[in-house]
1. Would you tally the residues in the range 61-74 being under 17 Å from the mean Cα position of the chain (by Cα) and either exposed (fewer than 11 other Cβ atoms within 10 Å of the Cβ) or farther than 18 Å from Ala41 by Cβ (or both)?
2. Search the range 36-60 for residues being outside any helix (DSSP H, G or I) and in contact (Cβ under 8 Å) with a residue 12 or more places away in the chain, and hand back the single one that is surrounded by the most Cβ atoms within 10 Å (Cβ to Cβ).
Amino acid sequence: MAATELEPAHSAGVVTKVDTAEVPSAAWGWSGESRRTFRTAGWVVVLILLAMLIGNHKGKIEDIYLVGFAVAIAGILIRDSLLQRKPR
């Protein structure tokens with residue numbers, strides 16, 4: 001084995017919903033997505049975009065783009081929350 005190759009951990013504590021044949025990193029427990037983290041980061045981005053409205057710019061075009069992107073991201077986050085609750 002080369003020095004750059006890793007052996008997967010053989011612990012019974014790693015539980016994934018992904019087949020390790022499709023996603024080899026699932027054997028190490030790296031395959032999960034944290035929806036909560038992504039949603040939190042999305043809302044932080046929305047707040048940052050809206051905070052950029054406060055500034056010394058004179059034109060309103062910048063404001064339109066900032067609010068537009070913030071609304072688009074918020075819409076995606078709300079849609080994701082609603083689809084997550086809906087049973088498949």
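Each value in this text was obtained by applying a stated rule to the coordinates, not by laboratory testing. Bear in mind the structure is a predicted one, so any value in this text is a computation, not a measurement. With ideal geometry, Cβ positions are generated from the backbone for all residues, glycine too; neighbour counts draw on all protein chains shown.
1. Going through the range 61-74 one residue at a time, the tally reaches 0.
2. In the first step, residues of the range 36-60 are kept if they are outside any helix (DSSP H, G or I); the result is 52-60.
Filter once more, so that each one left must be in contact (Cβ under 8 Å) with a residue 12 or more places away in the chain: 52-53.
Working: Met52: 15, Leu53: 12.
Ranking the candidates gives Met52 first.
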